[in-house]
Amino acid sequence: IGTPDFILEAVSNGVDMFDCVLPTRNARNGQYFTHDGPLSIKKEIYTHDFGPIDSECNCKVCKEYSRAYLRHLFKNNEILSSMLASYHNLYFLHNMIKEVRQAINEDRFEEYKTNFLKRYQLRNPIINKGETRTIYLKSLTHLCFSYTNIVETKLNWSINHSKNFCFSFVRVNVVSHD
């Protein structure tokens, strides 16, 4: 329940109090919450990326540290990596909840939720019962992590190698959530 998408769903169902270790556990494993979905700092593409984790976040981590530096800390097992990532994830969720409260007070929560999730799920799409989506992934491990709640899936993939990059084509059919 600790991810932004699950929190928004819980709020939709009337939940107004949360306690979860997921934001800090994910942080210790190199995952940052961003407006564009979860970002894994482990990826090599961030080695020379001097931008912030999330350009729209006002936390001290996003204002003072680059993705390249945060990746360096993580790859070298520096405890500061876990501390900064935890701070960012908690700040991100705290700010999101402030926005949720404001949207509820202005009677526009469903609009806020739809707009937030539309953007957030670009990196980590949620698939509903009866939907079929085509997803391009760099690895099937991401698929296994993202879709553990799917009861039955049909996977077809073809792997193409080009300049040491491996891309997978995956088609997921959701049969049932029951």
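Collect the residues in segment 28-53 that are closer than 12 Å to THR3 by Cα and of a type in the set (Gly, Ala, Ser), keeping them in residue-number order.
Once the filter is applied, which keeps residues that are closer than 12 Å to THR3 by Cα and of a type in the set (Gly, Ala, Ser), segment 28-53 yields only GLY37.
Is it the case that ILE53 is touching a residue at least 24 places away in the same chain (Cβ under 8 Å) and in contact with a His (Cβ under 8 Å, 6 or more places away or on another chain)?
It is true that ILE53 is touching a residue at least 24 places away in the same chain (Cβ under 8 Å) and in contact with a His (Cβ under 8 Å, 6 or more places away or on another chain).
Can you find a residue in segment 13-23 that is surrounded by 14 or more Cβ atoms within 10 Å (Cβ to Cβ) and within 18 Å of LEU122 (Cα to Cα)?
No, because not a single residue in segment 13-23 is surrounded by 14 or more Cβ atoms within 10 Å (Cβ to Cβ) and within 18 Å of LEU122 (Cα to Cα).
Of all residues in segment 103-147, which are open to solvent by less than 50 Å² (accessible area, probe 1.4 Å), modelled with pLDDT of 50 or more and of a type outside the set (Gly, Ala, Ser)?
The answer is PHE109, TYR112, LYS113, PHE116, LEU117, TYR120, GLN121, ASN124.
Pull out all pairs, ordered by first then second residue, where Cβ-Cβ is under 6 Å, the residues are six or more apart or on different chains, the first lies in segment 104-122 and is more than 17 Å from THR34 (Cβ to Cβ) and hydrophobic (A, V, I, L, M, F, W, C), and the second is at pLDDT 95 or above and surrounded by 11 or more Cβ atoms within 10 Å (Cβ to Cβ).
PHE109/ALA103
Restricting to segment 24-81, and then to whatever is assigned to a helix (DSSP H, G or I) and polar (S, T, N, Q), can you tell me which residue is least open to solvent (accessible area, probe 1.4 Å)?
Of everything passing the filter in segment 24-81, SER81 is least open to solvent (accessible area, probe 1.4 Å).
Yes or no: segment 85-102 includes at least one residue that is assigned to a loop (DSSP other than H, G, I, E, B), small (Gly, Ala, Ser) and surrounded by 14 or more Cβ atoms within 10 Å (Cβ to Cβ).
Checked segment 85-102: no residue is assigned to a loop (DSSP other than H, G, I, E, B), small (Gly, Ala, Ser) and surrounded by 14 or more Cβ atoms within 10 Å (Cβ to Cβ).
The values are calculated or read from the model by the stated rules, or taken from the named source; none is laboratory data. Quick caveat, the model's predicted, so the values are computed rather than measured. Neighbour counts are summed over all protein chains in view; Cβ atoms, including those assigned to glycine, are modelled from backbone coordinates with ideal geometry. All accessible areas refer to the heavy atoms of the entire protein, side chains included, with ligands and DNA or RNA removed. Shrake-Rupley method; radii C 1.70, N 1.55, O 1.52, S 1.80 Å.
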